[in-house]
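The structure under discussion appears below in the form of structure tokens.
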Amino acid sequence: MTSSTRSVEQVEEERQLPCVAVTQARQHLYPQSVSDRRVWALLTRFVPPVFEARQPMLRKGESEVPSTAGPLPVVREHAYSSPTRARHNVANNRFATEMAAPYGFATGDGCFNAGIQRFRAIWQVARCPCHSMRGLRRTKGEGMGWLSRWLKLGLETPVSWEAWLLEARSSSGYRREAAVRALALSGDDRALPVLLERANDWVPQVRQAATRAVGAYLREEHLSAWRAALPMVAALQRARRADHTELLSAILAFLAQPMCLAVLKTDLVSPHREVQRLLFQVELSAVRDDSSRYQLLRGAVLSADLVVARGALSAIEALTNPEQRLSLAGVACYSRVAAIRAGGLRAALAGGRASSCSLARKMCEDRSEQVRSAAVAALAPEDCAHVAQAARDRFEGTTNARDRAVALDVLCVLVPDDTARLCVRGRGDGAPLVRCIAYARSFASADSEERDRLVMFALEDASARVRRLAAIQVRRGASPPPREWLRALVQRNRVALPSVMSVGRRLSPWSRLALLLELSLSFADEDEGMRGVNEEIRRWSADMARCFLSPSVQELLIVQRAWTGARDGLKFDSQRDVAAHLRAFKVLGG
């Protein structure tokens with residue numbers, strides 16, 4: 001009987017028949033968690049209106065049909081009595097066919113086949129909360145892809161370990177979350193680095209799933225996995241996408257156990273710098289007595305890694321024994337890092353012990369200016385004369401250039417009245433390092449006129465380090481030498497060209513251009529100096545984009561004469577840029 005020949009009463013009577021198939025599914029598969037109930041609500045929302053069974057309704061007191069009771073009922077398509085509902089019926093049947101077929105259902109005269117088993121598989125995979133279907137659209141040719149995306153299921157579930165690792169780095173947050181859950185359930189040690197990486201994921205759900213998964217690895221059977229995952233733990237400490245304090249605290253507390261430390265340090269050959277810092281942090285949190293803490297800090301304060309050495313230096317105050325604190329500060333004074341030596345000296349001086357005075361006298365000979373300044377400032381008045389005499393003997397008697405430079409620097413501080421004579425002597429020394437100290441001290445004590453004269457002397461020096469001091473003084477406010485003097489200096493000493501161009505940037509823009517054009521005449525086209533001049537001209541052109549200073553009459557004539565002589569030797573782009581600026585300021589006509 002079709003829907004056109006049946007009466008309204010028959011249709012209404014048949015609509016009251018229960019859906020036994022759905023009853024069976026609910027009996028065996030009804031989920032217990034809230035997230036699964038949302039998925040269940042979606043599916044059962046469409047199943048009852050579409051599928052009905054021709055079996056009598058259960059009476060009160062009777063139990064539901066068990067899963068093993070007889071064949072599954074025949075499912076028929078819904079029929080409506082009105083033309084309007086008939087149109088809805090056509091669309092609903094089309095949706096029923098599309099939705100039921102991928103899961104093993106059949107409409108019309110078919111049966112459920114393995115529908116119940118397919119639903120059971122769905123509950124085993126879809127374990128994450130669902131959201132609204134609003135805005136989701138079916139992609140052409142994708143079939144059930146929209147439902148799979150809405151259920152957070154991939155169109156193809158990975159079947160290998162490598163596939164799950166690739167899914168953990170997918171661009172889809174749903175896929176990454178599913179991969180994290182699958183890797184967590186595997187319990188494989190190889191999954192730990194990936195889970196630590198996903199713990200800093202930009203999707204909160206993925207981060208939460210990864211954090212819970214990492215917590216399951218905080219057991220002794222996974223110690224070998226943690227040794228391989230130490231770089232990822234160090235990277236998680238630097239991460240700032242979310243607050244990982246709780247997770248990191250749990251990880252460090254687990255790794256600080258004696259058994260874990262022993263396993264982590266086994267066969268660890270030349271670990272990465274970040275791993276060394278993490279192991280030091282773990283070891284420091286694991287020690288409980290001062291003796292073990294002192295031995296650990298003693299070795300760490302001499303580390304070449306500044307972070308480890310600074311961490312050990314800051315932990316000196318944690319030692320309760322004053323002798324151990326002073327001893328550790330003295331050990332820090334032998335570090336290869338100047339900042340650690342200075343910090344160790346300050347820590348020793350803060351103790352107020354008599355032995356710290358002898359340490360200060362010894363540190364006056366340090367090669368670092370930072371350490372020497374702290375040591376000289378801590379000298380007692382009766383020790384200043386002794387240290388000054390020792391420095392004078394080294395300055396006059398030793399042949400080592402670094403020792404003479406250190407002695408000169410200490411003498412200029414302790415004997416300020418003799419600074420000028422010592423600097424004059426130092427500027428004539430054959431070692432560039434001694435001359436640098438002499439010029440630096442001379443610049444510090446000279447007035448403006450003396451400083452301008454010293455700039456010219458320093459620019460004539462053969463050492464690039466000394467010439468660099470002169471350029472620094474010009475940037476700090478000293479007057480640059482005249483343009484003619486700078487040009488003559490380059491003609492006498494071509495290696496001084498970089499320092500001359502650096503000083504020339506403090507000239508007026510038109511005097512600077514005239515100097516560069518005149519310097520270009522001193523070099524060949526393929527010479528290194530000519531390439532430097534062309535680069536400086538391009539820099540001048542860029543600076544002129546913010547300049548509105550017109551040249552004076554004298555500068556106008558100098559630039560016109562220099563441009564006429566040097567124009568043909570410049571590169572095409574330099575010629576074009578300079579000519580554009582000259583025409584803009586009416587230095588050139590038309």
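The values are calculated or read from the model by the stated rules, or taken from the named source; none is laboratory data. Keep in mind that this is a model prediction, so the values were computed, not measured. Note that each Cβ is placed from the backbone with ideal geometry, even for glycine, and that neighbours are counted across all protein chains shown. Heads up: the accessible areas ignore ligands, DNA and RNA and are worked out on the full protein's heavy atoms, side chains in. Shrake-Rupley method; radii C 1.70, N 1.55, O 1.52, S 1.80 Å.
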Checking Ala262, Ala184 in turn, the sole residue that is part of a helix (DSSP H, G or I), small (Gly, Ala, Ser), without any contact (Cβ under 8 Å) to a residue 40 or more places away in the chain and surrounded by 15 or more Cβ atoms within 10 Å (Cβ to Cβ) turns out to be Ala184
**Asked** Within the range 441-450, is there a residue that is buried (at least 16 other Cβ atoms within 10 Å of the Cβ) and farther than 22 Å from Gln389 by Cα?
**Response** yes
In the set Ala315, Ala332, the lone residue that is buried (at least 21 other Cβ atoms within 10 Å of the Cβ) and either over 20 Å from Arg277 (Cβ atoms) or of a type in the set (Gly, Ala, Ser) (or both) is Ala332
Does Arg240 qualify as being surrounded by fewer than 17 Cβ atoms within 10 Å (Cβ to Cβ) and in a loop (DSSP other than H, G, I, E, B)?
yes
Reported set for the range 265-302 where residues are open to solvent by 60 Å² or more (accessible area, probe 1.4 Å) and touching a Ser or Thr at 6+ places or on another chain (Cβ under 7 Å) is Leu302
Restricted to the range 367-378 and to residues being open to solvent by 20 Å² or more (accessible area, probe 1.4 Å) and in contact with a Cys (Cβ under 9 Å, 6 or more places away or on another chain), the residue nearest to Val406 (Cα to Cα) is Val376
Among the residues that make up the range 245-261, is at least one of them modelled with pLDDT under 85, out of contact with any Asp or Glu (no Cβ under 9 Å at 6 or more places or on another chain) and charged (D, E, K, R)? no
Sole miss for Ser550 among (1) of a type in the set (S, T, N, Q); (2) open to solvent by 50 Å² or more (accessible area, probe 1.4 Å); (3) under 45 Å from the mean Cα position of the chain (by Cα) is condition (3)
Flagged in the range 385-434 as closer than 26 Å to Arg453 by Cβ, in contact with a helix residue (DSSP H, G or I) (Cβ under 9 Å, 6 or more places away or on another chain) and of a type outside the set (A, V, I, L, M, F, W, C), in numbering order, are Arg404, Asp409, Pro416, Asp418, Thr419, Arg425, Gly426, Arg427, Gly428, Asp429, Gly430, Pro432
Counting only residues in the range 431-468 that are over 22 Å from Arg402 (Cα atoms) and not in a helix (DSSP H, G or I), the one modelled with the highest pLDDT is identified as Glu460
Just one listed residue, out of Leu302, Leu296, is within 18 Å of Leu278 (Cα to Cα), assigned to a loop (DSSP other than H, G, I, E, B) and hydrophobic (A, V, I, L, M, F, W, C), and it is Leu302
Per the filter on the range 408-430, residues small (Gly, Ala, Ser) and either open to solvent by less than 60 Å² (accessible area, probe 1.4 Å) or assigned to a helix (DSSP H, G or I) (or both) are Ala420, Gly426
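Return the total of residues in the range 181-214 being more than 16 Å from Arg241 (Cβ to Cβ) and within 25 Å of the chain's Cα centre (by Cα). Quick ask: steps written out before the conclusion?
From the range 181-214, those more than 16 Å from Arg241 (Cβ to Cβ) are 181-194, 212-213; that's our starting set.
Filter once more, so that each one left must be within 25 Å of the chain's Cα centre (by Cα): 190-194, 212-213.
So the answer is 7.
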The residue that is surrounded by the most Cβ atoms within 10 Å (Cβ to Cβ), considering only those in the range 496-540 that are closer than 21 Å to Ala464 by Cβ and hydroxyl-bearing (Ser, Thr, Tyr), is Ser499
Flagged in the range 213-237 as open to solvent by 10 Å² or more (accessible area, probe 1.4 Å), touching a helix residue (DSSP H, G or I) at 6+ places or on another chain (Cβ under 6 Å) and outside any helix (DSSP H, G or I), in numbering order, are Leu218
Note to self: Leu582 - would you say it is surrounded by 14 or more Cβ atoms within 10 Å (Cβ to Cβ) and under 23 Å from Ala471 (Cβ atoms)?
What the structure shows: no
Checking Val559, Val587 in turn, the sole residue that is touching a Leu at 6+ places or on another chain (Cβ under 7 Å), crowded, with 20+ Cβ neighbours inside 10 Å and in a helix (DSSP H, G or I) turns out to be Val559
Selection from the range 305-321 of residues small (Gly, Ala, Ser) and modelled with pLDDT of 85 or more yields Ala309, Gly311, Ala312, Ser314, Ala315
